[in-house]
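Enquirer: Below: one structure in structure tokens.
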Amino acid sequence: QVQLVESGGGLVQPGGSLRLSCAASGFTISSGTMEWYRRAPGKERTFVAYITPYGVTHYNDDVKGRFTISGDNAKNTVYLEMNDLKPEDTAKYYCYKAQGLRAWGQGTQVTVSS
């Protein structure tokens, strides 16, 4: 059974940092591309970042230079390090298995507010 479980969200002030985790089970993250998406209230889900099994990464321009996607194969977990957070980053963040049997996590809420 393929499963993705996000964690690490919360309430932070502008300029703060959070690290989101996506714990995978039923497959290995090294088998395909893993991605992060987010959905702000009243808006469509949008792409945030991806990482390939070879370590190639790509980011949405809105988060480039502030967010870093990474993976730990031993823990079978994908991370999203978020720095210099802005109110515009407020959204529910989702982990996505982009290859093979595709799957979404349930999401974790990030709220950036003073």
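The values are calculated or read from the model by the stated rules, or taken from the named source; none is laboratory data. This is a predicted model, so every value here is computed, not measured. All Cβ positions, even for glycine, are placed from backbone atoms using ideal geometry, and neighbour counts span all protein chains on display. Side chains included, ligands, DNA and RNA excluded: accessible areas come from the protein's heavy atoms. Shrake-Rupley method; radii C 1.70, N 1.55, O 1.52, S 1.80 Å.
Enquirer: Among the residues of segment 4-27, is any assigned to a loop (DSSP other than H, G, I, E, B), in contact (Cβ under 8 Å) with a residue 24 or more places away in the chain, out of contact with any strand residue (DSSP E or B) (no Cβ under 8 Å at 6 or more places or on another chain) and farther than 18 Å from Leu101 by Cβ? Before you say what the answer is, go through the steps one by one.
Expert: We begin by selecting, within segment 4-27, every residue assigned to a loop (DSSP other than H, G, I, E, B); these are 8-9, 13-17, 26-27.
Subset that is in contact (Cβ under 8 Å) with a residue 24 or more places away in the chain: 8-9, 13-17, 26-27.
The next check asks that each one be out of contact with any strand residue (DSSP E or B) (no Cβ under 8 Å at 6 or more places or on another chain); those that pass are 15.
With farther than 18 Å from Leu101 by Cβ added as a condition, the list becomes 15.
Yes, segment 4-27 contains a residue that is assigned to a loop (DSSP other than H, G, I, E, B), in contact (Cβ under 8 Å) with a residue 24 or more places away in the chain, out of contact with any strand residue (DSSP E or B) (no Cβ under 8 Å at 6 or more places or on another chain) and farther than 18 Å from Leu101 by Cβ.
Enquirer: Is it the case that some residue within segment 38-59 is open to solvent by 70 Å² or more (accessible area, probe 1.4 Å), at pLDDT 95 or above and aliphatic (A, V, I, L, M)?
Expert: Yes, some residue in segment 38-59 is open to solvent by 70 Å² or more (accessible area, probe 1.4 Å), at pLDDT 95 or above and aliphatic (A, V, I, L, M).
Enquirer: What pairs come up if the first residue lies in segment 87-113 and is within 12 Å of Leu18 (Cβ to Cβ), the second is open to solvent by less than 10 Å² (accessible area, probe 1.4 Å) and of a type in the set (Asp, Glu), and their beta carbons are under 7 Å apart, counting only those six or more places apart or on different chains?
Expert: Hits for this filter: Val110/Asp89; Val112/Asp89.
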